[in-house]
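Data first, discussion second: the structure below is written as structure tokens.
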Amino acid sequence: LTSGVTADSPLLVEYRGGRDAAGNPVRPNRRPVWFMRQAGRSLPEYRTLREGTSMLDACLDPEMAAEITLQPVRRHDVDAAIFFSDIVIPLRLAGIDVEIVPNVGPVLGSPVRTRADVEALPTLDDDAFAPITEAVRRTVAQLGSTPLIGFAGAPFTLAAYMVEGRPSRDHLGPRTMMHADPDTWDALASWAADVSGRFMRAQLMAGASAAQLFDSWAGSLGRDDYAAHVQKHSAAAFSHVAGLGAPLIHFGTGTGEILDLLKEAGADVVGIDYRVNLAEATRRLGAETPLQGNIDPALLTADWDVLETHVREVVAAGSGAAGHVLNLGHGVPPSTDPEVLTRVVSLIHEISPAQP
Ligand code: CP3
């Protein structure tokens, strides 16, 4: 890895379950925190910079993507940057007609529904990742000692957009396909695992220090379906980045019943949504599993004492895990007052880290 990040940054120590890069026990000097969707519409400087540029064009402009990635780090003093991009970027780079429609989400020109549609999916050249690699390099060069987290969409969540052609609530299309035509499902999910795995790998090779696989919609699956039709494809995505020494995080919403399966897919760290108490997550995953999460985004608009009490409860509930990185239980809502996020970061930094 080309990252210049100090091996004992608080974030990476917690992701390694309280160990330095050599594997020796160590305590960080502060509790690390970052927020999913920390880059984005909650920031006025983001809205100004994005004016007149479509979402995916912004992701593919290395200078703009780097600047947007850095904005929340400067403003909030968070302990990590999350690379500004999107889970559908590998589709766009492969030449698939996909747009992010404002206030809707990813929309494809032609949904992928039949065996013939899957067989016609394009191949993605490694060269196509050049704008991503360039944006990561520029970002890391400006981040100093703050680590950059790369990410990708997990095969189920990515394939859900490909089959439905747009955001959906129940993900009926992909859930039908995995039973009605499992061979086509496996071919589609394998394609998605390959492009997502290589997208994460490109970010890590360019200098990102950790990577998160987002299976945002995995909570719509029953445990048996996840185990039979999805987990192996997420494992295939992780296999592209295993052995690089970078902590790997696996997150989805509504995944309380499958936390162990998320870990088993190849993750070092499990991201917990706001529905599961972190002490319960530790009971399900074992104390050796580092956790990430899980401040309820709904409380960002509550009175400060309500939010402060909740943040302190989350810190306490996470203290039984070998490592804990504070985050929200899902992304920052666009209407969030950014000053509240800054205040949450300083509260977390004031709560001194547990000593051995
Ligand atoms: O700060 C960050 O978290 C970094 C960047 C990031 C974005 N998307 C930028 C973005 C990350 C990690 C993602 C991942 C992503 N994209 C997921 C998984 C995470 C999750 O929220 O569950 C999913 C499901 C997508 C697909 C997607 N892209 C959706 C559902 C949307 C929202 C559509 C809308 O307008 O509300 C997007 C667009 C998107 N991706 C925005 C951002 C900042 C908003 C674009 C804008 O500014 O208009």
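The values are calculated or read from the model by the stated rules, or taken from the named source; none is laboratory data. The model shown is predicted, which means the values in this text are computed figures rather than measured ones. All Cβ positions, glycine included, derive from the backbone under ideal geometry; neighbour counts span all protein chains shown.
Which one of Ala235, Ala279, Ala287, Ala228 is closer than 26 Å to Ala160 by Cα and over 19 Å from the mean Cα position of the chain (by Cα)?
The unique qualifying residue is Ala228.
Are there any pairs, at least 6 apart or on different chains, whose C-beta atoms fall under 7 Å, with the first in the stretch 234-250 and polar (S, T, N, Q) and the second assigned to a helix (DSSP H, G or I), and if so, which?
Ser234/Pro155; Ser239/Gly197
Within the stretch 3-54, how many residues are part of a loop (DSSP other than H, G, I, E, B), within 16 Å of the ligand (Cβ to nearest atom), without any contact (Cβ under 8 Å) to a residue 24 or more places away in the chain and in contact with a Lys or Arg (Cβ under 8 Å, 6 or more places away or on another chain)?
Total satisfying the criteria: 0.
Applying the selection to the stretch 98-117, what residues are at positive phi and polar (S, T, N, Q)?
Asn103
If Tyr46 satisfies all but one of (1) in contact with a helix residue (DSSP H, G or I) (Cβ under 7 Å, 6 or more places away or on another chain); (2) closer than 30 Å to Lys263 by Cα, what's the number of the condition it fails?
(2)
Is it true that some residue in the stretch 175-198 is within 12 Å of the ligand (Cβ to nearest atom) and under 24 Å from Pro247 (Cα atoms)?
Taking every residue of the stretch 175-198 in turn, at least one turns out to be within 12 Å of the ligand (Cβ to nearest atom) and under 24 Å from Pro247 (Cα atoms).
For Val78, state whether it is within 12 Å of the ligand (Cβ to nearest atom) and among the β-branched types (Val, Ile, Thr).
Yes.
Is there a residue in the stretch 250-260 that is of a type in the set (Phe, Trp, Tyr) and either away from the ligand (no atom under 16 Å from the Cβ) or surrounded by fewer than 20 Cβ atoms within 10 Å (Cβ to Cβ) (or both)?
no
Report, by residue number, each residue of the stretch 55-69 that is more than 9 Å from the ligand (Cβ to nearest atom), in contact with a Leu (Cβ under 7 Å, 6 or more places away or on another chain) and closer than 23 Å to Val345 by Cα.
Glu67
Please go through the stretch 157-174 and give me each residue that is away from the ligand (no atom under 11 Å from the Cβ), crowded, with 24+ Cβ neighbours inside 10 Å and not aliphatic (A, V, I, L, M), ordered by number.
Of everything in the stretch 157-174, just one residue is away from the ligand (no atom under 11 Å from the Cβ), crowded, with 24+ Cβ neighbours inside 10 Å and not aliphatic (A, V, I, L, M), namely Pro174.
Of the residues that sit in the stretch 175-208 and are surrounded by fewer than 23 Cβ atoms within 10 Å (Cβ to Cβ) and either of a type in the set (S, T, N, Q) or modelled with pLDDT under 95 (or both), which one is nearest to Ser234 (Cα to Cα)?
Ser190
Got at least one residue in the stretch 124-135 being assigned to a helix (DSSP H, G or I), more than 18 Å from Leu60 (Cα to Cα) and without any contact (Cβ under 8 Å) to a residue 60 or more places away in the chain?
no
Checking the structure you have, find out if any residue of the stretch 311-326 is without any contact (Cβ under 8 Å) to a residue 40 or more places away in the chain and touching a strand residue (DSSP E or B) at 6+ places or on another chain (Cβ under 9 Å).
yes
Identify, from the list Arg27, Arg16, the residue that is out of contact with any strand residue (DSSP E or B) (no Cβ under 7 Å at 6 or more places or on another chain), crowded, with 17+ Cβ neighbours inside 10 Å and more than 30 Å from His179 (Cα to Cα).
Within the list Arg27, Arg16, the selection yields Arg16.
Gly318 versus (1) farther than 20 Å from Gln71 by Cα; (2) within 16 Å of the ligand (Cβ to nearest atom); (3) not charged (D, E, K, R): which is the lone unmet condition?
(2)
Looking at (1) farther than 29 Å from Glu164 by Cβ; (2) at pLDDT 95 or above, find the lone condition where Ile100 falls short.
Of the numbered conditions (1) farther than 29 Å from Glu164 by Cβ; (2) at pLDDT 95 or above, the odd one out for Ile100 is (1).
With Pro111, Pro106 as the choices, which residue is within 16 Å of the ligand (Cβ to nearest atom) and either in contact with a strand residue (DSSP E or B) (Cβ under 9 Å, 6 or more places away or on another chain) or in a helix (DSSP H, G or I) (or both)?
It is Pro106.
How many of the residues making up the stretch 46-56 are surrounded by 15 or more Cβ atoms within 10 Å (Cβ to Cβ) and either among the charged types (D, E, K, R) or more than 19 Å from the chain's Cα centre (by Cα) (or both)?
3
Could you figure out which of (1) within 19 Å of Val315 (Cβ to Cβ); (2) within 16 Å of the ligand (Cβ to nearest atom); (3) outside any loop (DSSP other than H, G, I, E, B); (4) touching a Gly at 6+ places or on another chain (Cβ under 7 Å) isn't true of Ala298?
Going through (1) within 19 Å of Val315 (Cβ to Cβ); (2) within 16 Å of the ligand (Cβ to nearest atom); (3) outside any loop (DSSP other than H, G, I, E, B); (4) touching a Gly at 6+ places or on another chain (Cβ under 7 Å) one by one, Ala298 breaks only (4).
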